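The values are calculated or read from the model by the stated rules, or taken from the named source; none is laboratory data. These numbers were taken from a predicted model, which means no experiment stands behind them. FYI the Cβ positions are ideal-geometry reconstructions off the backbone, even for glycines, and counts take in every protein chain you see. These accessible areas exclude ligands, DNA and RNA; they are computed on the full protein's heavy atoms, side chains included. Shrake-Rupley method; radii C 1.70, N 1.55, O 1.52, S 1.80 Å.
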Amino acid sequence: ELKVEQNPLFLSMQEGKNYTIYCNYSTTSDRLYWYRQDPGKSLESLFVLLSNGAVKQEGRLMASLDTKARLSTLHITAAVHDLSATYFCAVESDSGYALNFGKGTSLLVTP
Amino acid sequence: EPEVTQTPSHQVTQMGQEVILRCVPISNHLYFYWYRQILGQKVEFLVSFYNNEISEKSEIFDDQFSVERPDGSNFTLKIRSTKLEDSAMYFCASIYPGGNTDTQYFGPGTRLTVL
């Protein structure tokens, strides 16, 4: 069974601080996705990581992928309140494009 | 910018009733999906659909569920006899695979409440 594990599941951080969310997975897939979800809303695609060593950055968020370690990280730099949301990583199933999601990291950025 | 749309946004039904959730995927996309998210939990894959047939399904997608693409634009999820535990947010997604930016685009969701 494919497993996708995120940690931490809950994160409260002050504005201006840095932090990293981790995503471990058990499949041999080399594609990993990060999504953002605001309360009551849909899933917004943040990053698509397609190969080992891939690094992508958008604003204060940077995602990386290490397929050998089966690990992806989402790094937050100088957090601001607008980043408060739940962040999900997801990995494709071995048999196709179906996404298997982690439990999500609920991020709260406080003043 | 093209987007996935879903109707209705909220559906309330009685246990045992049939419901049909509707989705209009992005027009040139080829793969279509249904996921569900029980309140406060992770997103779970239900089924994928390609070339007018199911390409993959999860254990959740039992005989009570079916999908259909009745025309060139709509993609539907039917639950024949709803149970209390079917209450969740149901998301439709679509993708045009291939290329460096392919990702699944999610619709706004339908909140299903089974009473």
*Leaving ligands, DNA and RNA out of it, rank B:S27, A:S26 by accessible area with a 1.4 Å probe, largest first.*
B:S27, A:S26
*Using Cα pairs under 8 angstrom and six or more residues apart, how large is the relative contact order of segment B:15-97, in percent?*
46 percent
*With the contact rule set at Cα under 8 Å and sequence spacing of 6 or more, what percent relative contact order holds for chain A?*
37 percent
*For chain B, modelled as a Gaussian network with Cα springs under 10 Å, which listed residue fluctuates most, B:R69, B:R80, B:R22?*
B:R80
*Along the principal axes of its C-alpha atoms, what lengths does the protein assembly as shown span, in descending order and rounded to whole Å?*
50, 37, 36
*How large is the charge dipole for chain A, taken about the Cα centre, if only the Cβ atoms of Lys, Arg (+1) and Asp, Glu (-1) carry charge, to the nearest 20 debye?*
140 debye
_Student exercise, chain B dipole from Lys, Arg, Asp, Glu Cβ charges, in Debye to nearest 20_ = 260 debye
*Suppose R0 equals 25 Å; then what is the FRET efficiency for B:M15 and B:S66 from their Cβ-Cβ distance, rounded to the nearest 0.05?*
0.85
*At 1.4 Å probe size, with no ligands or nucleic acids counted, give the accessible surface of A:D94 in Å², nearest ten.*
120 Å²
*asked:* Connecting C-alpha atoms closer than 10 Å in a GNM of chain A, tell me which of A:E15, A:E58, A:E44 has the biggest fluctuation.
replied: A:E58
_P(r) for segment A:4-110, please, calculated from all Cα pair distances in 10 Å bins and given in %._
16, 51, 28, 5, 0
_Förster radius 30 Å - calculated FRET efficiency between A:H75 and B:L39 (Cβ-Cβ, nearest 0.05)_ = 0.55
_I'd like the distance between the alpha-carbon centres of segment B:66-100 and segment B:7-47, rounded to an integer number of Å._
5 Å
*For segment A:1-43 and segment A:47-72, what is the separation of their Cα centres, given in Å?*
12 Å
*Could you give the nm distance between label points at A:D94 and B:E3, where each point is 7 Å from its Cα heading toward the beta carbon?*
3.8 nm
*Quick one: net charge of A:L71's neighbours, Cβ under 15 Å, K/R +1, D/E -1?*
+1
*Write down the radius of gyration of segment B:5-114 and its Dmax, each obtained from C-alpha positions, in Å.*
13.3, 44
*What FRET efficiency would be calculated for the residue pair B:S73, A:K56, taking the C-beta separation as r and a Förster radius of 25 Å, to the nearest 0.05?*
0.20
